[in-house]
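For reference, the structure discussed in these notes is given below.
The values are calculated or read from the model by the stated rules, or taken from the named source; none is laboratory data. The structure displayed is predicted, hence computed values, not measured ones. When we count neighbours, we look across all protein chains shown, and the Cβ atoms used for this are built from the backbone with ideal geometry, even at glycine. Side chains included, ligands, DNA and RNA excluded: accessible areas come from the protein's heavy atoms. Shrake-Rupley method; radii C 1.70, N 1.55, O 1.52, S 1.80 Å.
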Amino acid sequence: MTSITRPEAFFGHDMGEAGQIARWDRIVDYFYRLESETEFMQVQNMGKTTEGNPFLLVIISSSENLQDLEHFRKVNSQLSDPRGLTEEAIKDLVREGRAVVCQSMSLHATEIGGTQMAPELAFDLVTEDSRETQRILDNVIFLMVPCFNPDGQLMVAEWYEKYRGTEFEGGRLPWLYHKYAGHDNNRDAFMLNLVESQYMGEILFRRWKPQAYQDHHHMGSYGARFYVAPYCDPIRPHADPLIWREQAWYGAHMAYKLEEAGRQGILNAAQFPGWGHLGFHWITAYHNVAGMLTESANAKLASPLYIHPDQLQGASPKTMPEYVPQVNFPNPWCGGWWTLRDIVEQKKISARALLDLCARNKETVLHNAYLKAANQTERGRRSKTQAFVIEPDAHDSLTANELIRVLLNQGIEVRRSEDRFTADGRVYPEGTYLISLAQPKSGLIRTLLERTIYPESHWSHNPDGTPTVFDTASDTVAEYMGVEVRPLEQRPEGEFTVVGGAHRPEGAVQESEHGHILDPRLNDSHAAINRLLSADGRVRRFTESISVRGKEFPPGAFWIEEAEKNQLERVSDELGLSLYGLPEAPEWPSIGVRRRRVGIYQRYWGGNADEGWTRLIFERWGIPYQTIKDADLRDLQSLRDQFDVIILPSDPLHMLVDINEMDEPKPKLKAMLDSVPPEYRSGMGEKGLRSLGEFVRSGGRLIAFDAAWATAARACDLKVENVVEGLDAKKYFTHGSTLRCEVDTSHPVGFGMPEQALIFNWDSATFSVVETMHAERYEVVARYPQDDILQSGRLIGENRIAGRPALLAVRAGEGDVILFGFRPQHRAQTHGTYKFIFNCLI
């Protein structure tokens, strides 16, 4: 028998050894080495990551299971959607199948323990001959993603190595640990914007559909040593109740195994609520998968951290208010040195415990998979809402198609009508999309498409009455994307075809000698305009509503005066756009279109995901940009020579200008500053502020997203106040909700938007103009209505923002400032407000 290489022999150190981080490229080599030495493992390269590294899926099971892997995958697929199967067929599948368990490591790249643990876990599973291990191999197909973020893993390993042995050893990476998303990559599970997310979506949502999924994370250093399932209250609605019971079942076994192994400081059923953002370990519940996470207390990357006993503290005011024993935290750790090896060991114990429980109870696990799918299908069938429909003539029909793509990538069944049909007294046209709730993922459909109100209950407040939400209060993707989705109470009759992929209409270019019209309501019209301008096309925009060949267009319609015919045909075909030919030379008032030269400000201090997502959107829509750092901002002449527009992504003033203005105790602030090499202590300072102000007054445009409004207002001496500034959460709170607003669609910044729109608000600014001498310079593009502002999520303090501006365009000298009191590009999810940004750039 071939000798199997031990991890420490391959890497030259133990996994989790102090001062050592195994790099992803070497870990990849190790997994391929293991695959060549054992019959219990298959390594699949899912493809390249964002920056070209391999993304691996490692499958561990018995050799017999691996030889028949496709058969077991199909068995699993039938159990996850048992519609049409008999009771006997279900019993046969349960007996025949294998429990499928997926675990992923180090999605957040500075949380290094999972990926460092993975080679050791794999080695143990393929070499141990214990009864427990054999049972796992026989009864479980283990899908291991040894690194969810390979690009970030390499960044962190290189950063650590660079400063090892210096005063900055174990310090924070100064930039995002993913090219676009940083920590936000865990918030990408429903949109799947990132290629890494797409690979994971294929594994979890469409191809394998495991019974259990666990994502291995780290948390703060000074509370519990380790958190395992289940979550605490509140829970988000629409998951099958078995999900919450399974999480408690799995979590109890993991906690028991950790205590059995002598690990201290183990917490479960606390700190992390069942209603969180729809990250991978939360959204899986609505796929009928028991999604869980582990959270290990941090060390200093691979360097030990000494924790004084007096520093230990409770994890949550609601669920672990003090660092004392409680029923779900019976054995507190007493302090001392905390190491990466501690993290590796407890992660390995929890990972094995999950596999062990599934192996011991294979048939129960598989029968539960069937029950959840059948129950959810029946709930959908009995629901007051029978289905949701999306009409083909939506305000932005191509974005509606993009929403269909989002749903299909989640493994949701979507149908398309072959003819007109009637439901709830309304006639729907051919091509209408129908999403029936009588399917296993009915809970997911309701979570993504249905209006969602965050509960006001005991569990949604801290003991002092402060409202709480873990990340976003709602993730209603249809609202984010600005797509109207209608609920149906009547099950429609007619011919509907199952959709295999998102429908993109065929483009068309009408013949004309006077130019062509592009619809300003379509986000993709801006992609087309960017391509045409790059090819030296000539474009204008009409400033009032027009009618062309019987089709009505709102203000902002694009008039392509001149462009090569092959360019027009290419953008029409590739984007699915109709270019309407003008029958005669137009006389409507219009303005010329040119592409502004754009700079996006980028800071250090760990980077800003809002900036990263902005770059991703610009690249997808073909918008050229340059990154601006502090030194660039301070060079006024260079700014004037290179840029027409500067964008400040959402960030509080102290992060943009001077970190010393941060509202933190001085010792804590000094400790943070001392951990960062001087060259990465960013902040534009007063000189940068003055330069920004002069840039605007000399003709430039400054765009500030959400919290960055304060920096823009200070730089340009704007007479604007934030009416909710300084209010505590008991008086004003939204924390990731969709709010209604009224848009001036005749304003160039509002071109193409609906008059009634939804915007994403995260405790965001709401404006009041206090200018007395020149108030005419302050134009309101969008404002909140007088009442009924909340669409989904949570809103405390409606009266404080009612009727107030949410988006201002302010003239300042020869230039202007666009102040967004919301995040129009939040996590590359809020397609419904992209046009506000695009309009500012041309």
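Which ³J(HN,Hα) values, rounded to whole Hz and listed in residue order, are derived for region 204-214 from phi using the Karplus coefficients 6.51, -1.76 and 1.60 in 6.51 cos²θ - 1.76 cosθ + 1.60 with θ = phi - 60°, glycine and proline given as x?
Whole-Hz 3J(HN,Hα) from phi for region 204-214: 7, 9, 10, 8, 9, 6, x, 7, 9, 9, 9.
Counting other Cβ atoms within 10 Å, which GluC sites (Glu not before Pro) in region 361-438 have at most 14 and lie in a DSSP loop?
418, 430
Using +1 at the C-beta of Lys and Arg and -1 at the C-beta of Asp and Glu, which of 812, 732, 126 has the Cα lying farthest in the positive direction of the dipole of the chain?
732
Taking all protein chains in place and a 1.4 Å probe, what share, in percent, of the accessible surface of the chain do carbon and sulfur account for?
Carbon and sulfur: 45 percent of the exposed surface of the chain.
Rounded to two decimals, what ratio of Rg to Rh does region 684-772 give with C-alpha atoms and a Kirkwood Rh?
Checking Rg against Rh, the ratio lands at 1.01.
At a temperature of 25 °C and a viscosity of 0.890 mPa s, determine how fast region 69-111 diffuses translationally according to Stokes-Einstein, using the Kirkwood radius over alpha-carbon pairs as Rh; express D in µm²/s, rounded to the nearest whole number. Let's see the in-between values first.
Working: Rh = 12.2 Å.
Diffusion coefficient, whole number: 201 µm²/s.
Treating only the Cβ of Lys, Arg, Asp and Glu as charged (+1, +1, -1, -1), what charge dipole size does region 608-684 show about its Cα centre? Round to the nearest 20 debye. Could you put the intermediate results ahead of the total?
Values: 9 positive and 15 negative charges, 27 e Å.
Dipole of region 608-684, to the nearest 20 debye: 140 debye.
Two decimals is fine: what is log10 I(q)/I(0) at q = 0.17 Å⁻¹ for region 521-606, from a Debye sum with one equal scatterer on every Cα and no solvent?
-0.74
Report, by chain and number, residues whose modeled amide H sits under 5 Å from the one on residue 319, excluding near sequence neighbours (fewer than 5 apart, same chain).
The list, which skips near neighbours in sequence, is 271.
Please give the Cα centre distance for region 469-483 versus region 338-358, rounded to the nearest Å.
First find each Cα centre; the distance between them is then 34 Å.
State, in angstrom, two size descriptors of region 9-133 derived from its alpha carbons: Rg to one decimal place and Dmax to the nearest whole number.
17.6, 57
Compute the FRET efficiency between residue 132 and residue 248 as 1/(1 + (r/R0)^6), taking r as their Cβ-Cβ distance and R0 = 22 Å, and round to the nearest 0.05.
Details: r = 22 Å, r/R0 = 1.01.
The pair residue 132/residue 248 has a calculated efficiency of 0.50.
Between region 126-172 and region 397-448, what's the alpha-carbon centroid distance in Å?
Between the Cα centre of region 126-172 and that of region 397-448, the gap is 40 Å.
Along the Cα-to-Cβ line of residue 491, 7 Å from the Cα, sits a label point; which residues in region 366-400 have backbone N less than 17 Å from it?
It comes to 374-389, nothing else.
Computed from the coordinates I sent, Kirkwood radius over Cα pairs in Å equals one of (i) 30.8; (ii) 30.0; (iii) 28.6. Tell me the label.
Comparing each candidate, only (iii) matches the computed number.
Could you give me the ³J(HN,Hα) list for region 575-587, computed from phi with Karplus coefficients 6.51, -1.76, 1.60 and θ = phi - 60°, whole Hz, x at Gly and Pro?
9, x, 9, 9, 10, 8, x, 6, x, 7, 5, x, 10
Computed over the Cα atoms, what is the radius of gyration of region 431-479 divided by 2.2 N^0.38 Å, N being its residue count?
Details: Rg = 14.9 Å, N = 49, 2.2 N^0.38 = 9.7 Å.
Ratio of Cα Rg to 2.2 N^0.38 Å: 1.55.
Under 28 Å between alpha carbons, and skipping anything fewer than 8 positions from residue 670 in its own chain: which lysines qualify?
Correct list for residue 670: 162, 300, 629, 687.
At a threshold of 8 angstrom on Cα-Cα distance, excluding pairs fewer than six apart, so keeping six or more, what relative contact order does the chain reach in percent?
Details: 1898 pairs, mean separation 92.7, N = 842.
Normalised by residue count, the contact order of the chain is 11 percent.
How large is the accessible surface per residue of region 167-301, computed with a 1.4 Å probe and reported in Å² as a whole number?
The answer is 25 Å² per residue.
Taking H as built 1.01 Å from N, whose amide H comes closer than 5 Å to the amide H of residue 277, not counting residues under 5 places away?
The list, which skips near neighbours in sequence, is 472.
Taking 2.2 N^0.38 Å as the expected size of a compact globular protein, what ratio does the Cα radius of gyration of region 31-95 give against it, to two decimals?
1.50
Setting aside same-chain residues fewer than 8 positions from residue 74, which aspartates and glutamates have a Cα under 14 Å from its Cα?
Candidates past the 8-residue exclusion: 92, 96.
Rounded to the nearest 0.05, what FRET efficiency is calculated for residue 195 and residue 457 with R0 set to 22 Å and r the Cβ-Cβ distance?
Computed FRET efficiency for residue 195 and residue 457: 0.05.
Give me, ordered by chain and number, the residues 5 or more places off residue 508 or on other chains with an amide H under 5 Å from its own placed amide H.
577, 578, 579
Expressed in nm to one decimal, what extension gain is obtained for the pair residue 668 and residue 714 from 0.36 nm per residue of sequence separation less their Cα-Cα distance? Kindly include the intermediate steps, with their values, before the conclusion.
Numbers: separation 46, 0.36 × 46 = 16.56 nm, distance 2.68 nm.
Residue separation times 0.36 nm, minus the Cα-Cα distance, leaves 13.9 nm.
Residue 427 to residue 161: extension gain in nm, 0.36 nm per residue of separation minus the Cα-Cα distance?
Answer, rounded to one decimal: 89.3 nm.
In degrees from 0 to 90, rounded to the nearest 10, what is the angle of the helix 362-382 Cα long axis to the longest principal axis of the chain?
With rounding to tens, the tilt is 30 degrees.
Return the Rg/Rh ratio of region 133-221 with Cα-based radii and a Kirkwood Rh.
Details: Rg = 16.6 Å, Rh = 15.6 Å.
Rg divided by Rh gives 1.06.
Tell me, what are the semi-axes, in whole angstrom and largest first, of the equivalent ellipsoid of region 188-301 as set by the roots of 5 times the Cα gyration tensor eigenvalues?
Values: eigenvalues 116, 58, 34 Å².
Whole-Å semi-axes of the equivalent ellipsoid: 24, 17, 13.
Convex hull over the alpha-carbon atoms of region 554-683: what's its volume per residue in Å³?
Cα convex hull per residue, to the nearest whole number: 178 Å³.
So how tilted is helix 24-37 from the main axis of the chain? Cα-based, degrees 0 to 90, rounded to 10.
On a 0 to 90 degree scale, this one is about 40.
Under the 0.36 nm per residue contour assumption, what length would be gained going from the current alpha-carbon distance of residue 363 and residue 44 to full extension? Mind dumping the intermediate values first?
Details: separation 319, 0.36 × 319 = 114.84 nm, distance 2.72 nm.
Between residue 363 and residue 44, full extension yields 112.1 nm more.
Once the Cα gyration tensor of region 728-778 is diagonalised, what are the square roots of 5 times its eigenvalues, in whole Å and ordered largest first, as equivalent ellipsoid semi-axes?
Ellipsoid half-lengths, sorted descending, are 24, 20, 7 Å.
Taking the convex hull of the Cα atoms, report for region 367-468 its projected area averaged over all directions, in nm².
On the way: hull surface 38.2 nm².
Average of the hull's projected areas for region 367-468 equals 9.6 nm².
Give me a comma-separated list of calculated 3J(HN,Hα) values for region 503-508, in order, Karplus coefficients 6.51, -1.76, 1.60 applied at θ = phi - 60°, integers in Hz, x for any Gly or Pro.
Each residue's phi maps through the Karplus curve to give 6, 10, x, 6, x, 8 Hz.
How much accessible surface does residue 706 have with a 1.4 Å probe, in Å² rounded to 10?
Using a 1.4 Å probe on the heavy atoms, I get roughly 10 Å².
Using 1/(1 + (r/R0)^6) with R0 = 45 angstrom and r between the beta carbons of residue 383 and residue 637, what's the FRET efficiency to the nearest 0.05?
0.10
On a 0 to 90° scale, report how tilted helix 150-163 is relative to the longest principal axis of the chain, with both axes built from alpha carbons and the result rounded to the nearest 10.
Roughly 80 degrees, rounded to the nearest 10.
What is the log10 of I(q)/I(0) for region 273-388, computed with the Debye formula using one identical point scatterer on each Cα and no solvent, at q = 0.11, 0.13, 0.16 Å⁻¹?
-0.61, -0.79, -1.03
Can you give the Rg/Rh ratio of region 67-202, where Rg is from the C-alpha atoms and Rh is the Kirkwood radius?
For region 67-202, the value is 1.10.
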